[in-house]
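Chemist: Quick one: the structure is below, questions incoming.
Since every read-out is calculated from the coordinates, none of them should be taken as a lab result. The shown structure was predicted, so the numbers you read here are calculated from the model rather than taken from an experiment. A quick note on method: Cβ atoms are made from the backbone with ideal geometry, for glycine too, and the neighbour counts reach across all protein chains shown.
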Ligand code: GDP
Ligand code: MG
């Protein structure tokens, strides 16, 4: 069967509209195929509905298939270098669409994992098994606060990098959501006294800002141009999370800093008007090239230069070790 998104956490059951359900068999169907001794890196995407998360994940799938050492599906894993990987294969196919239809319906709320894993080389040269995760129903006004916090919490706990997708800028509301939900998850974890107390439970959060309009250079054409754009990104995130005097702004920032080991941001430009249309058919020729060039740099950083396995209590985990943690965490959120 070709690869596809698998729902591992769903919301609601026949008895309880608001239950939080981990599907252990579904999760195990993916975990059990990972090489048993290899460390695992889980990259998840969180953020509001219709901010381009699925589109990002679909291009990411193409990147991973085109540039990984191998993948668990036999689909086009070519590993033939970089080049313009986004053009290979033409339009995005069904098997690359990470929930292309969008998820406004209730039963799609929860956490989804791509059935196929990818073997890559991590930052320290070791092979790492990469898994992709999508979330549905965060900040959509349909999901209760406590369920939102649980979905956010579990997806963040299982991730080595949580990509927080936002449109146009990192607003105070996005920061407040992040602070609130990460505090909630941290408190839930630490309410369980049998576990070792986790002081800073989450590994890394990367704000992925879409449709960024404020780069000094508008038509980059060289590596130096892109390097200087990345310097602007670092300056931007430093400014966003820099200490503030006002108490509420200060509290938000301190809460976030207390939960994550690393916070950074990457800014993508608008992909072009064709993409924003409902009729967009996944044709890379219709996407702006600066968008792809930035995306390419972001993906290489995330899945090559800075790829680190999932770490809990200072130990890198294999997929089956991660599975045990996820079961324990899910118990905390469903009780
Ligand atoms: P999701 O609900 O967050 O998964 O969003 P989707 O990926 O389904 O995208 C929602 C809509 O925005 C679709 O019509 C996409 O074609 C479009 N879209 C995708 N990426 C971008 C982007 O970077 N900028 C803009 N403005 N639109 C995008
Ligand atoms: Mg989506």
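Chemist: Counting only DSSP beta bridges with both residues in the chain, what percent are antiparallel, rounded to the nearest 5? Spell out each step's value before the answer.
Modeler: Details: 21 of 46 bridges.
Percent antiparallel among DSSP bridges in the chain is about 45.
Chemist: For residue 140 and residue 91 in the same chain, what is the full-extension length gain: residue separation times 0.36 nm, less their Cα-Cα distance, in nm?
Modeler: 14.7 nm
Chemist: Pulled fully out, how much extra length does the chain show between residue 286 and residue 190, if you take 0.36 nm times their separation in residues and subtract their Cα-Cα distance?
Modeler: Values: separation 96, 0.36 × 96 = 34.56 nm, distance 4.84 nm.
So the chain would gain 29.7 nm between residue 286 and residue 190.
Chemist: What number does the chain give for Rg over Rh if you use C-alpha atoms and the Kirkwood radius? It would help to have the intermediate numbers written out before the result.
Modeler: Working: Rg = 19.1 Å, Rh = 20.3 Å.
Dividing the radius of gyration by the Kirkwood radius yields 0.94.
Chemist: Hey, what did the stretch 224-335 get for relative contact order, percent, Cα under 8 Å, at least 6 apart? Let's see the in-between values first.
Modeler: Numbers: 46 pairs, mean separation 18.6, N = 112.
Relative contact order comes out at 17 percent.
Chemist: Right, something else. Figure the gain on full extension for residue 121 and residue 19 (residue separation times 0.36 nm, minus the Cα-Cα span) and round it to one decimal in nm.
Modeler: Details: separation 102, 0.36 × 102 = 36.72 nm, distance 3.83 nm.
The residue 121-residue 19 span can extend by a further 32.9 nm.
Chemist: Ratio of alpha-carbon Rg to the 2.2 N^0.38 Å globular estimate for the stretch 142-285, to two decimals, please. It would help to have the intermediate numbers written out before the result.
Modeler: On the way: Rg = 17.7 Å, N = 144, 2.2 N^0.38 = 14.5 Å.
Relative to the 2.2 N^0.38 Å estimate, the stretch 142-285 comes out at 1.22.
Chemist: Given the -39500 (n - 2.57) contribution per DSSP H run of 4+ residues, what per-residue ellipticity at 222 nm results for the chain, rounded to the nearest 500 deg cm²/dmol? Could the numbers behind the result be given before it?
Modeler: Numbers: 9 runs with 119 residues, N = 335.
It comes out at -11500 deg cm²/dmol, rounded to the nearest 500.
Chemist: For the chain, what does the relative contact order come out to in percent, with C-alpha contacts under 8 Å and a separation of six or more? Walk me through the numbers before you get to the answer.
Modeler: Details: 593 pairs, mean separation 79.4, N = 335.
So the answer I get is 24 percent.
Chemist: Shifting gears a bit: If each of residue 262 and residue 306 carries a label point 7 Å out from its Cα toward its Cβ, how far apart are those two points in nm?
Modeler: 0.6 nm
Chemist: FRET efficiency for residue 278 and residue 173, Cβ-Cβ distance as r, R0 = 35 Å, nearest 0.05? Intermediate values should be presented prior to the final figure.
Modeler: On the way: r = 26 Å, r/R0 = 0.75.
So the FRET efficiency works out to roughly 0.85.
Chemist: Taking a ≥ b ≥ c as the square roots of the Cα gyration tensor eigenvalues, with a/c under 1.5 meaning rounded and otherwise prolate when a/b beats b/c, else oblate, which class fits the stretch 261-335? Walk me through the intermediate numbers first.
Modeler: Details: a/c = 3.11, a/b = 1.96, b/c = 1.59.
Because a/c hits 1.5 or more and a/b exceeds b/c, the stretch 261-335 counts as prolate.
Chemist: Next question. Mind pulling the per residue volume of the convex hull built on the Cα atoms of the stretch 222-302? Å³ is fine.
Modeler: Numbers: hull volume 11.7 nm³, N = 81.
Taking the convex hull of the Cα positions in the stretch 222-302, it is 144 Å³ per residue.
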